[in-house]
Amino acid sequence: MSLNAESTAFRSALEVIRAVEPRVADAIGAELADQRESLKLIASENYASPATLLTMGNWFSDKYAEGTVGRRFYAGCQNVDTVEALAAEHAKELFGAAHAYVQPHSGIDANLVAFWAILADRVESPALKKAQVRQVNDLTEADWFALRRELGNQRMLGMSLDSGGHLTHGFRPNISGKMFDQRSYGTDPVTGLIDYDRVAEAAREFKPLILVAGYSAYPRKVNFRIMREIADSVGATFMVDMAHFAGLVAGKVFTGDFDPVPHAHIVTTTTHKSLRGPRGGMVLCGPELADQVDRGCPMVLGGPLPHVMAAKAVALAEARRPDFADYAQRIVDNAQALAEGLLSRGTKLVTGGTENHLVLLDVSGYGLTGRQAEQALLDSGIVTNRNAVPQDPNGAWYTSGIRIGTPALTTRGLGTAEMDQTAELIHTVLSQTTPGESKAKYVLDPALADKVSKQATELLAGFPLYPAVDLG
Ligand code: PLP
């Protein structure tokens, strides 16, 4: 029997790798087996297409290509130019953006590029102006001192971490929390929803240079039109980090007030979450910020990864196909079915449901910490991650929440009926787990964990992952 193209490609690649370091080839094979067997509910993960994966394993990875298309610091970048321009073109078309910068290696990197661009655009600094027009040799020590002082301590207002914001939106463990004078807006303690009047009030009081919207663990839509009005009312630059929900924007599930691109001055994203591309980041903006954004490398980024930019071009081309819109809608349908399934079994959900790809369980209703719940689910073949809930009494390490998301299972083809079965499996595990003597310890009958694990495998059996890939 002749093998299909995907199987031939991956088998051949593993054979070549095995001849050098067999343990790496084995680990790659084992990773596929693990991914095939586990019920992956990590809201930030997905399964990139074979075409996207294969695009990353080639000689583009050997190239240095600092600079931008047509303006490189190295000779011989004509083919890198081709793929970078293609990725940017697809991104602009897909999201309706005037400018796309596809070099960031990750979401955090994309945010750093955006912060730089906003600071360079907004901060009144004569020394910075000199530096920008490449008169750096004319700058005195006093100029450099002034430049550092003028760039420092600028104000950022972002969504609080325990309401679902991201570390890079001004929080201490990230450089944004050290560079910026940061305040946050939370969610309403009763509804769990963003209260736009409170955001406006915080903005009026604090007068931020940057207003950031976007989240890692907020299960609702955000009205970007209102957020832009708030930013405008205090003269702030409005930045949206759509890392989590870029696939829903690409698939036109989030349109109008809920599409950040027409409303924000600058939009950052990852390419590997709901967008289903390679691991990486991207920045979209209008012409005003484009020049500064394009300085991302070497301003804050290391040399571009041309093999990943090529894979971004492939994945973005996939996202422009009509079936991606269907995929994006199914992500949300599945998340809502999962939320319904959990609610009907008595699980507490932050905000009482979802409008996007993720659901945030408050597992204190089961008497558990997030850490205990996460491990008990893992023992039962269900992969999730613990997450703080608003005003979490257990803090960011143990937490009281479990975040789950549907982009990955939707890629496998699971639908709303399977989401109800998934809710049943989750509820079974959590209701049968009891807390142990510490916030990390718990008691779960191994026979039950084993039974649920088998049920999860059976559920997945009807939806093979990478069905065209047979490693033999
Ligand atoms: N921004 C948001 C909203 C995220 O949720 C994440 C990752 O989880 C990031 C940025 C960082 O992305 P990366 O891990 O690619 O740096």
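The values are calculated or read from the model by the stated rules, or taken from the named source; none is laboratory data. Quick caveat: nothing in here was measured; it's all calculated off a predicted structure. Glycine gets a Cβ as well: all are built from the backbone with ideal geometry, and neighbour counts include every protein chain shown. Accessible surface is based on the protein model in full, side chains and every heavy atom, while ligands, DNA and RNA are left aside. Shrake-Rupley method; radii C 1.70, N 1.55, O 1.52, S 1.80 Å.
Remarks
- Cα centroid separation, region 400-472 to region 305-345 (Å): 20 Å
- Rounded if a/c under 1.5, otherwise prolate or oblate - the chain, Cα gyration tensor axes: oblate
- Dipole of the chain, positive end: most advanced residue of Val234, Ala110, Leu360 [Cβ charges, Cα centre]: Val234
- Placing unit charges on the Cβ atoms of the charged side chains and taking the dipole of the chain about its Cα centre, the candidate lying farthest along the positive direction among Val20, Pro322, Pro126 is Pro126.
- Inter-part distance, region 135-169 to region 365-382, computed on C-alpha centroids, equals 40 Å.
- Inter-probe distance in nm under a simple model that places probes 7 Å from Cα toward Cβ, at Arg225 and Glu93: 2.8 nm
- Applying the Karplus relation 6.51 cos²θ - 1.76 cosθ + 1.60 with θ = phi - 60° to region 20-33 yields 3J(HN,Hα) values of 9, 9, x, 5, 6, 4, 5, 5, 5, x, 5, 5, 4, 4 Hz, where x marks Gly and Pro.
- Sites matching GluC sites (Glu not before Pro) across region 353-459 that sit in DSSP coil, with at most 16 neighbouring C-beta atoms within 10 Å: Glu437
- Each residue of region 273-279 was assigned a 3J(HN,Hα) from its phi angle through the Karplus expression (A = 6.51, B = -1.76, C = 1.60, θ = phi - 60°), giving 8, 5, 6, 6, x, x, 5 Hz with x at Gly and Pro.
- Rounded to 5, percent antiparallel among DSSP beta bridges of region 179-332: 45 percent
- Gained length - Glu31 relative to Leu378, 0.36 nm times residue gap less alpha-carbon distance: 123.3 nm
- Using C-alpha pairs below 8 Å separated by at least 6 residues, the relative contact order for the chain is 21 percent.
- Over region 138-233, relative contact order from alpha-carbon pairs under 8 Å, at least 6 apart, %: 30 percent
- Contact order normalised by residue count of region 59-319, Cα under 8 Å, 6+ apart, percent: 29 percent
- Antiparallel bridge percentage (DSSP; both residues within the chain; nearest 5): 60 percent
- Gyration tensor (alpha-carbon) shape descriptor, region 1-111, a/c threshold 1.5: prolate
- Global form of region 155-299, assessed from the alpha-carbon gyration tensor, a/c cut-off 1.5: rounded
- Among the GluC sites (Glu not before Pro) within region 62-134, those in coil by DSSP and having at most 16 neighbouring Cβ atoms inside 10 Å are Glu66, Glu124.
- Links that overshoot a 32 Å alpha carbon limit, given the list Lys273/Lys454; Lys40/Lys441; Lys312/Lys441; Lys40/Lys348; Lys312/Lys451: Lys312/Lys441; Lys312/Lys451
- Take every DSSP beta bridge whose two residues both sit in region 59-319; close to 40 percent of them are antiparallel.
- Site pair Ala13 and Asn58 shows an inter-label distance of 1.2 nm when each label is modelled 7 Å from Cα along Cα→Cβ.
- Database remark: amide H of Gly281 closer than 5 angstrom to the amide H of His105, Ser106, Thr271 (H placed geometrically; neighbours at sequence offset of 5 or more, or on other chains; Pro and chain starts carry no H).
- In a reduced charge model with +1 at each Lys and Arg Cβ and -1 at each Asp and Glu Cβ, the chain shows a dipole moment near 540 debye about its Cα centre.
- Between Thr416 and Val20, the contour length at 0.36 nm per residue exceeds the Cα-Cα span by 138.1 nm.
- Size descriptor for region 59-319, Kirkwood hydrodynamic radius: 18.8 Å (Cα pairs only, one decimal).
- Residues in region 316-331 carry Karplus couplings, in order, of 5, 4, 5, 5, 7, 6, x, 5, 6, 5, 5, 4, 4, 5, 5, 4 Hz; the curve used is 6.51 cos²θ - 1.76 cosθ + 1.60 with θ = phi - 60°, and Gly or Pro positions show x.
- Over the chain: helical MRE at 222 nm, DSSP H runs n ≥ 4 each giving -39500 (n - 2.57), nearest 500: -14000 deg cm²/dmol
- Carbon and sulfur %, accessible surface of the chain computed with the full protein complex present, 1.4 Å: 53 percent
- Taking amide H positions as modeled 1.01 Å from N, with prolines and chain starts lacking one, the residues under 5 Å from Asp195 and 5 or more places away or on another chain are Asp188.
- Each of Gln135 and Arg345 was given a label point 7 Å from its Cα along the Cα-to-Cβ line. The distance between the two points is 6.8 nm.
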